[in-house]
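These notes are about the structure you will find just below.
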């Protein structure tokens, strides 16, 4: 079972007179705003004071539902017909009557990260559905942050945001230029770094885990890159009782988070 993860908040030129942190990656240049759609994603963005919304499109039904849920509707709300949103997103998108254009959230710095009790590290996971699902599970399990690479990871917008179901507003994302160096930074801060791979030396459920803990997941099919793997303190596997011995990376991440948080809580 090889699994891993990644996300991004891309490079951006440094602001004048602001020092650059050694291990942080600037946010990426973007052609336009982040696109968020769907009930949970947009509602969470509206309620997040750190998220700047430039435009909010809502059908009458969706706007009424927001109001009934006690959400303070922004002044830039535009009531539209569903076809207007479909024209922006395409017929495949399940928009639930809501679409927002927003600034990306600020990228966090790994030197300022509070890794306790658990952080996730995604090694070049590029599928936005998987990354979004991982973020959603991370929010559910109280993960402190998700660390991902500046390259080879999907933008935190659109499909990823929808799959995350609002988790983008709850789980800080740390974008780094070099994953192995970022892991070394965590290790110097007493974080126990555990890679997940089908060929791991020990079952995660039997491994000696402690907080603060970093769980590292590799891309679907590829698994952990060699340098990532050798930088981990240990490499563990998920032993499964059924006939199928591997899981989709987002499912593997959810199971690993459940095992790790349960073990840490009882240790």
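The values are calculated or read from the model by the stated rules, or taken from the named source; none is laboratory data. The structure displayed is predicted, hence computed values, not measured ones. Virtual Cβ from ideal backbone geometry, glycine too; neighbours counted across all protein chains shown.
So the values come out like this:
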{"quantity": "Evaluation of residue 248 against (1) at pLDDT 95 or above; (2) surrounded by fewer than 18 Cβ atoms within 10 Å (Cβ to Cβ) (one fails), failing number", "calculated": "(1)"}
{"quantity": "Cross-chain or 6+ apart pairs with Cβ under 6 Å, region 82-95 first and in contact (Cβ under 8 Å) with a residue 40 or more places away in the chain, then surrounded by 11 or more Cβ atoms within 10 Å (Cβ to Cβ) and assigned to a helix (DSSP H, G or I)", "calculated": "95/85; 95/89"}
{"quantity": "Where residue 190 falls short, out of the listed (1) on the phi > 0 side of the Ramachandran plot; (2) over 21 Å from the mean Cα position of the chain (by Cα); (3) at pLDDT below 95", "calculated": "(3)"}
{"quantity": "Selected residue (only one of 147, 174, 216, 235 is touching a residue at least 12 places away in the same chain (Cβ under 8 Å), part of a strand (DSSP E or B), touching a helix residue (DSSP H, G or I) at 6+ places or on another chain (Cβ under 9 Å) and more than 30 Å from residue 34 (Cβ to Cβ))", "calculated": "235"}
{"quantity": "Test: residue in region 68-88 that is buried (at least 18 other Cβ atoms within 10 Å of the Cβ), part of a loop (DSSP other than H, G, I, E, B) and within 23 Å of the chain's Cα centre (by Cα)", "calculated": "no"}
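Condition check ((1) modelled with pLDDT of 50 or more; (2) within 30 Å of residue 197 (Cα to Cα); (3) assigned by TED's automatic domain parsing to the domain that holds residue 119) across all residues:
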{"site": "9", "(1), (2), (3)": "no, yes, no"}
{"site": "16", "(1), (2), (3)": "no, no, no"}
{"site": "62", "(1), (2), (3)": "yes, no, no"}
{"site": "82", "(1), (2), (3)": "yes, no, no"}
